[in-house]
Structures are given as structure tokens and as C-alpha cells.
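All remarks here apply to the structure that follows.
The values are calculated or read from the model by the stated rules, or taken from the named source; none is laboratory data. Since this is a predicted model, take the numbers as computed values, not measurements. For neighbour counting, all protein chains shown are included, and Cβ atoms are generated from backbone atoms with ideal geometry for every residue, glycine included. For the accessible areas, the whole protein counts, side chains as well, though only heavy atoms, and no ligand, DNA or RNA atoms are used. Shrake-Rupley method; radii C 1.70, N 1.55, O 1.52, S 1.80 Å.
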Amino acid sequence: MDTYESLLAAVTAKNGKTNEVIDPATGELIGLAPVHGVDELSDLIDKAAAAQPAWAALSDDERRQYMHRAADAIEASAEALAELLSREQGKPLNGPNARFEVGGCVGWLRTAADTPLPVETLVDDGTTYAELHYRPIGVVGAITPWNWPMMIAIWQIAPSIRMGNTVVIKPAETTSLSGLALAAVMNQALPEGVLNTISGPGSVIGDALVRNAKIGKVMFTGSTPTGKKIIEASAGNVTRLTLELGGNDAGIVLPDVDPTAIAEGLFWGAFINTGQTCAALKRLYVHDSVYDAVVDALADFARNVPMGNGLEDQNALGPLQNKKQFEIVDRLVESAKASGARVVLGGNPERDAKGYFYPTTLIADIDPQNDLVIEEQFGPALPIIRYTDLDEAVAQANSLEVGLGASVWSTDIKRAREVASRIQAGTVWINAHGMVDPRVPFGGAKQSGYGMEFGVEGLKAVSQPQVVSG
Ligand code: NDP
């Protein structure tokens, strides 16, 4: 069982090149993360490749038991992991935040361990016999972002190791300690060489990881522009990819809703992790007949959700994780204000403060083509667009190049499902938004990426299918 101090000591750099990791709530230094070079990466990939055959040779049951022991190790150090995550990422300990994320790691790891993937008999008609096996690919390269640095790491690691692959993982630079700490705790239970960590800039280490010929598959979550670079870098070796590239999720509120009843669900759909979530609600289309009531109910709820330093128990919203993201949100809200949109709440950050806090912001009566609507804000500022014609709202929801998630809000489930069928997104939730589940496949449409994570589909995605015939 680790304490915050022992975890931090285990993952901070002892020598060599380092990167300063800053607490986004205070601007203070948390610790120094190692910055590795491409030679170290190459050695590490060799180590992962050398360990892979023995890991794959274990029975499925033996690998599953290792995964459950790794989940036990996370549970034993859960409080220390949550504290490090809160300090480094900024998300509060409480609410759907740091403790929730560490708990999610345990849940996803155990579910990936227990999801069955039997050999499939494809044809057995007396003359032809063919069956489909899912073999390991080899070494999986995992590249994670800074918004859910532990949970997304588990999404990439858990199915990979279950299927007999070994993993080399590179966390985002601004949250490397969280990724390194999670792996260190899991490695208390896993055999040497199965889960390996490297840290350094994405443009150097991430790129070299994707280009290495011994990497058979890359799991990536991050921005669409970086995803496109990874596609190019993967071409040389025809490396398999799963790309989760975020989005700009639309929610459509139909005229039959009870505004007060949906306010909480709308709020957390948009503001979970202070809006820094790939499948968060990022633009809300509300029918004119309920528009004012929905805006008021949402504002009433939002006003009462405390934002502040994540280590203080009462807070449920934190700072933005980094300055670059603060500046993106600030620019987009300023563009909305300049266009004459109505600021219902927030929109007035303290730009000179040490922490990257951006207040909870609701912007109403906004032009559907405003930058805050059509660009991903990835922060606590929700544009609320008025519509009268549902077909027009669906067309606007579908008008962007991305399509990760979406939601429809209505008391008429049949009607909501019909609207859902017309939306171009990997997942459409009804009366909720962003409710991912380890048993249910998750992935994007259009430029939100390709490949599915979670459930049986997620296991297949980190496997080499092989037909055995005859
Ligand atoms: P990036 O996509 O650049 O970063 C994600 C990961 O990719 C990080 O580990 C990064 O490393 C790594 N990386 C960067 N360049 C390369 C490369 N050439 N090859 C391989 N790996 C690379 O996201 P940003 O942090 O720049 O965020 C920008 C925007 O992306 C945000 O504003 C938001 O809109 C979106 N985003 C979406 C996320 C999602 O969940 N889908 C998560 C985070 C951001 P390093 O950190 O060292 O640069």
C-alpha cells in the first residue's frame, strides 16, 4: 500500500533530463518527471518484445488472475493514486473525479479480465470446418492524454494484456506522473516486462513509438490533428491503430422534457471533469418552447456546484489542466461574447491568477456558427442554441467533421430513439450524456477516430484474428 509521498518518490526523476510538473490549481511544482530519449524507448520496446512470448504462453485464466491482482494493488493504493491525480490533473478528489477515476480503473481492469472471448466456429457443415481465433498481436504502444490520465491508460492497457500482448505506454507530458504511478502500482502484481512506461514529448517519443517496427498496434486517445500524424507515422509498418480523437458532442432537447428533471444530467454531461472530457456534451440544442426554462434550470443547478482546489472536500469542479487549454476556452468564450451572445453564468475568468481556473460558463442565444459552437472548447463553457425545427437541429448536430457521442433528451423514448438513428456519432445516449460502461463498445464516427474500445469488441481490437480451417 502506497502513500502519496512514496508514490511520488517512486515516479519522479532521479537523474537525467526532467520536466517540471505543475499543480494547475496553484501553479506550484509537484515534482520532476523523467524525460527519456529515443534510445531508451528502443531498449524498452525490445524488453517488452522479449517478455511477450512468455506472457502469451500463460493460459487465459493465469493472465486474468494477474489482472485481478493488479486491480487489488490499485485498490490498496487508491487514496494515494487519487491524491496524485488530483494534484497533477487538477480534478477534485470528490464528485465524478479523482476517486471516481481510480475506482473506474479497477472496474475496467476487472471487466476486461472477465469478458469472455471464445474461439468462434464459423462453418461446420460436414465438408468445411473453419474457426476464428484471436491471437496476441505482440507489443502494443499506448499514448494517453491529460484529461483522464489513469482511466484512459487502463482502457488501453487492460484489453491489451488480457489478449497476451505486452505494453509500452507514454503518458501526456503534463500528467506523466499519474500514468507512471498507475503503472508502478500495477507492476507490483504483473510480471516484469509486461507493462512498461516511457515519458517524454509526444512529438519525439510518441512519434518514435509509433514508427518502431516492433510495435504491432497503437492505441491513441487525443486530438484529431495528432491522430492524423499518427496515421502517417504508422504507414511504414502498416501498424494497426485504434484512434479515439475526441469530438464536439451535440445534445438535442425535445419540446416534451421537464427542464428541472433534466438539469442535473445535462450539467454533468457537459461539465464532468470541468468539461475536459472527450465524450462530454459540448453544444446543446434546445427547442424554443422549453428554451428559457432549460437555461434557467441549468443555471440554477450550475450555480451551486463548487469549483476550487481539488484537495478541498467540498469542490466538484477544478481548474483547467494546463495553460494552453485555459487559453482555448478563454478565446472561444470571448468570441461568443463579441458576437452578442448572452452570458447567463461565468465568462469572467481571473486571467492573472496562479491557477488555471475558468468559471462555470453558460452562453445562451448564440449563433449556431459561432466558434464556441463549432470548435471543441474542452472546458467549462457550454453554448446553448435555440431551435424551432428538429430537422434543422439534427442537421446542425451532424454538420461537423467529428462524431464521438451525442444525446437526445425526451420523455418519449420511442421518439428519442428515432431521432438518435439520424445522428452521426459513435454513441447516442438518451436522457444522459457520456455514460461509458466497460461492457459496452465505445468509439467514434467520422474524424473522431476509428476502432472500438471496451467489451468484446475492445478485446478483438487488440488481437490478431486468425482463421484455422480444415
Ligand atoms: P494531443 O493529441 O497533442 O496529445 C495527446 C497525446 O499524444 C499526448 O500523450 C501527447 O504527448 C501525444 N503526442 C503529441 N504529438 C504526438 C505525435 N506526433 N506522435 C505521437 N504522440 C503524440 O493533445 P493536446 O494535449 O495538444 O490537446 C489539444 C486538444 O486535443 C485539446 O484542446 C482537446 O480539444 C483535444 N484533446 C482530446 C482528448 C480526448 O480525450 N480525446 C484528450 C486531450 C485533448 P505530449 O503530451 O508529450 O505532447
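For region 110-122, the count of residues that are part of a strand (DSSP E or B) and of a type outside the set (D, E, K, R) is at least one. Going by what's in this entry, would Pro136 be described as closer than 17 Å to Met219 by Cβ and in the same structural domain as Phe220 (by TED's automatic domain parsing)? For Pro136, the condition - closer than 17 Å to Met219 by Cβ and in the same structural domain as Phe220 (by TED's automatic domain parsing) - is met.
Looking only at region 352-365, filter to residues that are surrounded by fewer than 20 Cβ atoms within 10 Å (Cβ to Cβ) and under 19 Å from Leu284 (Cα atoms); which one of those is nearest to the ligand (Cβ to nearest atom)? Top of the filtered list is Pro359.
The combined condition, being surrounded by fewer than 16 Cβ atoms within 10 Å (Cβ to Cβ) and under 23 Å from Lys324 (Cβ atoms), is not fulfilled by Glu376.
Residues that are in a helix (DSSP H, G or I), in contact (Cβ under 8 Å) with a residue 24 or more places away in the chain and more than 15 Å from Ile363 (Cα to Cα) within region 257-293 comprise Pro259, Thr260, Ile262, Ala263, Glu264, Gly265, Trp268, Gly269, Ile272, Asn273, Thr274, listed in sequence order.
Looking across region 228-256 at every residue that is part of a helix (DSSP H, G or I) and more than 7 Å from the ligand (Cβ to nearest atom), the one that is least open to solvent (accessible area, probe 1.4 Å) is identified as Ser234. Within region 321-351, the set of residues being touching a Leu at 6+ places or on another chain (Cβ under 6 Å) and either within 11 Å of the ligand (Cβ to nearest atom) or free of Cβ contacts under 8 Å to residues at least 12 places away in the same chain (or both) comprises Phe326, Leu332. Taken over region 13-36, the criterion of being touching a residue at least 40 places away in the same chain (Cβ under 8 Å) and either open to solvent by less than 30 Å² (accessible area, probe 1.4 Å) or not assigned by TED's automatic domain parsing to the domain that holds Glu79 (or both) is satisfied by Val21, Asp23, Pro24, Ala25, Ile30, Gly31, Ala33, Pro34, Val35.
Considering (1) outside the structural domain of Tyr134 (by TED's automatic domain parsing); (2) more than 16 Å from the ligand (Cβ to nearest atom); (3) open to solvent by 40 Å² or more (accessible area, probe 1.4 Å); (4) touching a strand residue (DSSP E or B) at 6+ places or on another chain (Cβ under 8 Å), the lone condition that Ser407 does not fulfil carries the number (3).
Selection of first residues in region 377-400 that are in contact (Cβ under 8 Å) with a residue 12 or more places away in the chain and farther than 12 Å from Asn248 by Cβ and of second residues that are in a strand (DSSP E or B) and open to solvent by 30 Å² or more (accessible area, probe 1.4 Å), restricted to Cβ pairs under 9 Å at least 6 apart or on distinct chains, gives the following pairs, ordered by first then second residue: Pro380/Met307; Ile384/Val344; Arg386/His287; Tyr387/His287; Thr388/His287; Leu390/His287; Ala393/His287. Looking only at residues of region 84-130 that are charged (D, E, K, R) and touching a residue at least 12 places away in the same chain (Cβ under 8 Å), we find that the one that is surrounded by the most Cβ atoms within 10 Å (Cβ to Cβ) is Lys91.
Does region 53-66 contain any residue that is touching a residue at least 60 places away in the same chain (Cβ under 8 Å), open to solvent by less than 30 Å² (accessible area, probe 1.4 Å) and part of a loop (DSSP other than H, G, I, E, B)? Within region 53-66 (the criterion being touching a residue at least 60 places away in the same chain (Cβ under 8 Å), open to solvent by less than 30 Å² (accessible area, probe 1.4 Å) and part of a loop (DSSP other than H, G, I, E, B)), the answer is no, since none of the residues qualifies. Scanning region 203-222 for residues being within 7 Å of the ligand (Cβ to nearest atom) and under 20 Å from Phe454 (Cα atoms) gives a total of 3.
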